[in-house]
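Student: Pasting a structure here, questions to come.
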Amino acid sequence: MFTKLLVANRGEIACRIIKTARRLGIKTVAVYSDADVNSLHKKLADESFNIGPAPSNQSYLVSSKILSAIKETGADSVHPGYGFLSENAEFAEMVTKENITFVGPSPASIRLMGDKIESKKIAHAAGVNIVPGNIGAIQSTDKAIKIANEIGYPVILKASSGGGGKGMRLASNDDECYQGLSEARNEAMSSFGDDRVFIEKFIENPRHIEIQVIADKSGQTIHLGERECSVQRRHQKVLEEAPSPFLNNELRERMASQALALAKAVNYYSAGTVEFVIDNSKNFYFLEMNTRLQVEHPVTELITGLDLVELMIRIAAGENLSIQQKNVKLNGCAIEARVYSEDPSSNFMPSVGRLVRYIPPEENNNIRLDSGVCEGDEISIFYDPMIAKLISYGETRKEALKHMRDALDAFFIRGVDHNICFLAALTGNSKFVSGEINTNLIAEEYPGGFNSQLCPNENLSLFIVCAVAIHHYFQNRAIEIPGQLINKQTNINADWIVMVNGRDYPVTVSSIDSSLTIANQDRTHTLLTEWKLGEKLLQGTFDGHEFCMQVERRGLGYHLVHGGSQYETSVFTKMESQFNKLMPSTPQLENYKQLRSPMPGLLVSMDISEGERVESGRVLAVVEAMKMENALSAERDVMIGRIYVSVGDTLEVDQVIMEFE
């Protein structure tokens, strides 16, 4: 077994690897950039080593700097995690030549499967179903359009070295194919240093299901079941689960058989994932093989009871698998939600800033949290916007879903925009709950984007009652403050008007010991809670059912979050409500004369000029942030006035890019 493991990564995956290594008695080394000097993974490791400036292409992606850290610290092994250098065959070779063990597959396997064009050829030869398309790099836009028309739209353009949705574009016509090829190439070169792109038929309304394989160096190869990864946005996975609610044992074994055949064809060892798409007729096609640990590996761990990182370490150390295929059991259901620093109401634009408050749900037998941040940490523009992975487990899918929704309600983050309300709404969505999902679920269910203030909530009464309860507590405290001209009778057995997002709801309140009985619209509700002023989470029972509500006081009102919805509430007496209606509203100023950067980032392209007239929908500029390109398009027909920036400039949030005439 190894004595010292260097983790060539950052964030939650670095923390997760360090925890397993520590349990195995292996000392760990963390590498960190200047942006991560106060990071959690650096604090958790036994040693740490600075590898340079914040940009990943000057630190985490520089093989020579990682190798120097290995030599300086005396590490005898290196785990790459996922992303960065995890599927870089040259890095694996470099490490191996220095007699350092690479915790992962052989450089040869990485190279064969890392090239999506070559991997499709190998898969086809191994008898694996592949998606119809062109197996070869596209050299020109004319060639791309010609092939797309031969295959038939829609098609998808994919970076040969891509992953995680980067370097991928969907095209439904010639114009989209022309634009998509350019964007896919640029993003692929930026993310992987390889701008080769190929085209294949886009399988409409597919499911995305992957098979987890694990193999040792003696050739023993087994699978650990599948993961359902169909809930995606821009080809980025959002929710994953294991097992899939779609597969039966027969289909599972057929897919697993092809996954194992591919792994054996390239003499694979370590953990790997073979990804497939499945159409409505249960025809499945090979997408790619990821020669690394997957982001969503925790769901497999929870239903199998196996630690994939431990298995990778033991295999790398030369040990054979201690488990046979017949001993692999899939028990219960696990669901993973990726918590991102982004604004779902603004087309999921990445958000940067400091985690002013970070209160994750408590871990237990049903809840696991893989996180790489602490309260006070900075979310920067340089890395992926994922804050944490929240994983729930239950003996049934229904139980796992309940645990997930409860945990999301209790996940409190402030300081940056985040997608927790969006995740809560998704896990409560009727199609997701029923298991009727495909890769278009988000686009179909939220065609106009997601707005948590407009998200329908089945139990609006819960928000109304909680608002009254909170106001009740504030009133009681005010009574106890000397000099306050408040009569206790004004808040006990009193009539109130609760305003929720601008609409009034009359209620009557009575207090009985620690409970509140509230009449709302001819219905009586009972709230039991031990909540205290200042607490961010209001937990208790509402009409006998447990719940958790996030609470903040904003001005004279209360900001409430639960179940994917967030409401601005205020509680008035009848007279105060009448006066409130007379208050003038603040005009909403909209800027139609400027294009501003919605996020900090790098301006990577701007194919327009001053004085040019452009039509609605035309891409005006592309800003790269957190490893993703974000196209900024014209919302109406405009004439371009003055342009204030140039390609290559680093932009700040709200910085003016151009003016319109």
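Student: Condition check: assigned to a strand (DSSP E or B) and in contact with a Pro (Cβ under 9 Å, 6 or more places away or on another chain). Does residue 571 satisfy that? First the steps, then the outcome.
Tutor: Details: assigned to a strand (DSSP E or B): yes; in contact with a Pro (Cβ under 9 Å, 6 or more places away or on another chain): no.
Judged against the criteria, residue 571 is not a match.
Student: State all residues of region 113-133 that are outside any helix (DSSP H, G or I) and surrounded by 14 or more Cβ atoms within 10 Å (Cβ to Cβ); if no residue qualifies, say none. Steps first, answer last, please.
Tutor: Initially, region 113-133 is screened for residues outside any helix (DSSP H, G or I), giving 115, 126-133.
Selection gives 115, 126, 128, 129, 130, 131, 133.
Student: Residue by residue through region 414-426, note down the ones that are in a helix (DSSP H, G or I) and more than 14 Å from the chain's Cα centre (by Cα). Quick ask: steps written out before the conclusion?
Tutor: Residues of region 414-426 in a helix (DSSP H, G or I): 420-426.
The one that is in a helix (DSSP H, G or I) and more than 14 Å from the chain's Cα centre (by Cα): 425.
Student: Continuing with the same structure: Does region 62-74 contain any residue that is in contact (Cβ under 8 Å) with a residue 40 or more places away in the chain and under 25 Å from the mean Cα position of the chain (by Cα)? First the steps, then the outcome.
Tutor: Going through region 62-74, the residues in contact (Cβ under 8 Å) with a residue 40 or more places away in the chain turn out to be 66, 69-70, 73-74.
Adding the requirement that they be under 25 Å from the mean Cα position of the chain (by Cα) leaves none.
Checked region 62-74: no residue is in contact (Cβ under 8 Å) with a residue 40 or more places away in the chain and under 25 Å from the mean Cα position of the chain (by Cα).
Student: From 659, 610, grab the single residue that is assigned to a strand (DSSP E or B) and charged (D, E, K, R).
Tutor: Numbers: 610 fails: assigned to a strand (DSSP E or B).
None of the other options fit; the residue is 659.
Student: Considering 190, 182, 161, which residue is in contact with a Ser or Thr (Cβ under 9 Å, 6 or more places away or on another chain) and either charged (D, E, K, R) or closer than 21 Å to residue 290 by Cβ (or both)?
Tutor: Values: 190 fails: in contact with a Ser or Thr (Cβ under 9 Å, 6 or more places away or on another chain); 182 fails: either charged (D, E, K, R) or closer than 21 Å to residue 290 by Cβ (or both).
Result of the check over 190, 182, 161: 161.
Student: Which of the residues that make up region 541-569 are of a type in the set (Gly, Ala, Ser) and surrounded by fewer than 21 Cβ atoms within 10 Å (Cβ to Cβ)? Before the answer, list the steps.
Tutor: The initial filter retains those residues of region 541-569 that are of a type in the set (Gly, Ala, Ser), namely 544, 555, 557, 563-565.
Of everything in region 541-569, those that are of a type in the set (Gly, Ala, Ser) and surrounded by fewer than 21 Cβ atoms within 10 Å (Cβ to Cβ) turn out to be 544, 555, 557.
Student: Among 98, 47, which is the only one that is farther than 27 Å from residue 371 by Cβ, charged (D, E, K, R) and out of contact with any Gly (no Cβ under 8 Å at 6 or more places or on another chain)?
Tutor: 98 is the lone residue from the list that is farther than 27 Å from residue 371 by Cβ, charged (D, E, K, R) and out of contact with any Gly (no Cβ under 8 Å at 6 or more places or on another chain).
Student: What is the number of the single condition among (1) in contact with a strand residue (DSSP E or B) (Cβ under 9 Å, 6 or more places away or on another chain); (2) of a type in the set (Gly, Ala, Ser); (3) assigned to a helix (DSSP H, G or I) that residue 75 does not meet?
Tutor: (3)
Student: Those residues that are assigned to a helix (DSSP H, G or I) and surrounded by fewer than 19 Cβ atoms within 10 Å (Cβ to Cβ), I need them from region 55-64; list them, please. Show your work before the answer.
Tutor: Start the filter on region 55-64 by keeping residues that are assigned to a helix (DSSP H, G or I), which leaves 56-58, 63-64.
57, 58, 63, 64 - these are the residues of region 55-64 that are assigned to a helix (DSSP H, G or I) and surrounded by fewer than 19 Cβ atoms within 10 Å (Cβ to Cβ).
Student: Suppose we filter 159, 108 for residues that are aliphatic (A, V, I, L, M), closer than 24 Å to residue 210 by Cβ and surrounded by fewer than 20 Cβ atoms within 10 Å (Cβ to Cβ); which single one remains? Steps first, answer last, please.
Tutor: On the way: 159 fails: surrounded by fewer than 20 Cβ atoms within 10 Å (Cβ to Cβ).
On inspection, the qualifying residue turns out to be 108.
Student: Check off (1) of a type outside the set (Ser, Thr, Tyr); (2) in a loop (DSSP other than H, G, I, E, B); (3) buried (at least 21 other Cβ atoms within 10 Å of the Cβ) for residue 365 and give me the number that stays unchecked.
Tutor: Going through the list (1) of a type outside the set (Ser, Thr, Tyr); (2) in a loop (DSSP other than H, G, I, E, B); (3) buried (at least 21 other Cβ atoms within 10 Å of the Cβ), residue 365 breaks only (3).
Student: Right, another one. For region 271-304, which positions are β-branched (Val, Ile, Thr) and either assigned to a strand (DSSP E or B) or at pLDDT below 95 (or both)?
Tutor: Of all residues in region 271-304, those β-branched (Val, Ile, Thr) come to 273-274, 277-278, 291, 295, 299-300, 303-304.
Correct list: 273, 274, 277, 278.
Student: What's the total number of residues in region 324-340 that are part of a loop (DSSP other than H, G, I, E, B) and either aromatic (Phe, Trp, Tyr) or modelled with pLDDT under 95 (or both)? Let's see the steps before the verdict.
Tutor: Within region 324-340, the subset part of a loop (DSSP other than H, G, I, E, B) is 324, 328-332.
Still in the running and either aromatic (Phe, Trp, Tyr) or modelled with pLDDT under 95 (or both): none.
Number satisfying all stated conditions: 0.
Student: Go through region 541-567 and report how many residues are within 13 Å of residue 470 (Cα to Cα) and either part of a helix (DSSP H, G or I) or under 33 Å from the mean Cα position of the chain (by Cα) (or both). Don't jump to the end; show me each part of the working.
Tutor: Filtering region 541-567 for residues within 13 Å of residue 470 (Cα to Cα) gives 549-554, 556-560.
Those still in the list that are either part of a helix (DSSP H, G or I) or under 33 Å from the mean Cα position of the chain (by Cα) (or both) too: 549-554, 557-560.
Count: 10.
Student: Still on this structure: What are the residues in region 258-293 that are over 16 Å from residue 220 (Cα atoms) and either hydrophobic (A, V, I, L, M, F, W, C) or free of Cβ contacts under 8 Å to residues at least 40 places away in the same chain (or both), if any?
Tutor: Within region 258-293, 274, 276, 277, 278, 281, 282, 284, 286, 287, 289, 293 qualify.
Student: Now a separate question. Taking region 305-323 on its own, how many of its residues are farther than 20 Å from residue 83 by Cα, in a loop (DSSP other than H, G, I, E, B) and touching a residue at least 12 places away in the same chain (Cβ under 8 Å)? Steps first, please.
Tutor: Our first condition is that a residue be farther than 20 Å from residue 83 by Cα; within region 305-323, this holds for 305-306, 314-315, 317-323.
Subsequent filtering for residues that are in a loop (DSSP other than H, G, I, E, B) retains 305-306, 317-323.
Keeping just the survivors that are touching a residue at least 12 places away in the same chain (Cβ under 8 Å) gives 305-306, 317-321, 323.
Here the count works out to 8.
Student: Is it the case, given these coordinates, that residue 405 is in a strand (DSSP E or B) and over 14 Å from the mean Cα position of the chain (by Cα)? Can you show your working first?
Tutor: Numbers: in a strand (DSSP E or B): no; over 14 Å from the mean Cα position of the chain (by Cα): yes.
So residue 405 does not fit the description; no.
Student: Anything in region 66-86 that is surrounded by 19 or more Cβ atoms within 10 Å (Cβ to Cβ) and either not β-branched (Val, Ile, Thr) or not assigned by TED's automatic domain parsing to the domain that holds residue 20 (or both)? List them, or say none.
Tutor: Answer for region 66-86, where residues must be surrounded by 19 or more Cβ atoms within 10 Å (Cβ to Cβ) and either not β-branched (Val, Ile, Thr) or not assigned by TED's automatic domain parsing to the domain that holds residue 20 (or both): 67, 69, 75, 77, 79, 80, 81, 83, 84, 85, 86.
Student: From the set of residues in region 141-156 that are in a helix (DSSP H, G or I) and of a type in the set (Val, Ile, Thr), which is surrounded by the most Cβ atoms within 10 Å (Cβ to Cβ)?
Tutor: First, pick out the residues of region 141-156 that are in a helix (DSSP H, G or I): 141-151.
From what is left, the residues that are of a type in the set (Val, Ile, Thr) are 141, 145, 147, 151.
Working: 141: 16, 145: 20, 147: 18, 151: 17.
So the residue we want is 145.
Results for (1) under 20 Å from residue 111 (Cα atoms); (2) out of contact with any Pro (no Cβ under 7 Å at 6 or more places or on another chain), shown as yes or no for each residue.
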{"residue": "253", "(1), (2)": "no, yes"}
{"residue": "256", "(1), (2)": "no, yes"}
{"residue": "274", "(1), (2)": "yes, yes"}
{"residue": "277", "(1), (2)": "no, no"}
{"residue": "301", "(1), (2)": "no, yes"}
{"residue": "313", "(1), (2)": "no, yes"}
{"residue": "322", "(1), (2)": "no, yes"}
{"residue": "325", "(1), (2)": "no, yes"}
{"residue": "330", "(1), (2)": "no, no"}
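Student: For region 213-229, how many residues are buried (at least 19 other Cβ atoms within 10 Å of the Cβ) and closer than 18 Å to residue 307 by Cα?
Tutor: Of the residues in that region, 11 qualify.
Student: Ok, one more. For region 546-558, state whether one or more residues are charged (D, E, K, R) and in contact with a helix residue (DSSP H, G or I) (Cβ under 7 Å, 6 or more places away or on another chain). Spell out how you get there, then give the answer.
Tutor: First, pick out the residues of region 546-558 that are charged (D, E, K, R): 546, 552-554.
This time we only want the ones that are in contact with a helix residue (DSSP H, G or I) (Cβ under 7 Å, 6 or more places away or on another chain), so: none.
Among the residues of region 546-558, not one is charged (D, E, K, R) and in contact with a helix residue (DSSP H, G or I) (Cβ under 7 Å, 6 or more places away or on another chain), which makes the answer no.
The values are calculated or read from the model by the stated rules, or taken from the named source; none is laboratory data. None of these values were measured; they are calculated from a predicted model. FYI the Cβ positions are ideal-geometry reconstructions off the backbone, even for glycines, and counts take in every protein chain you see.
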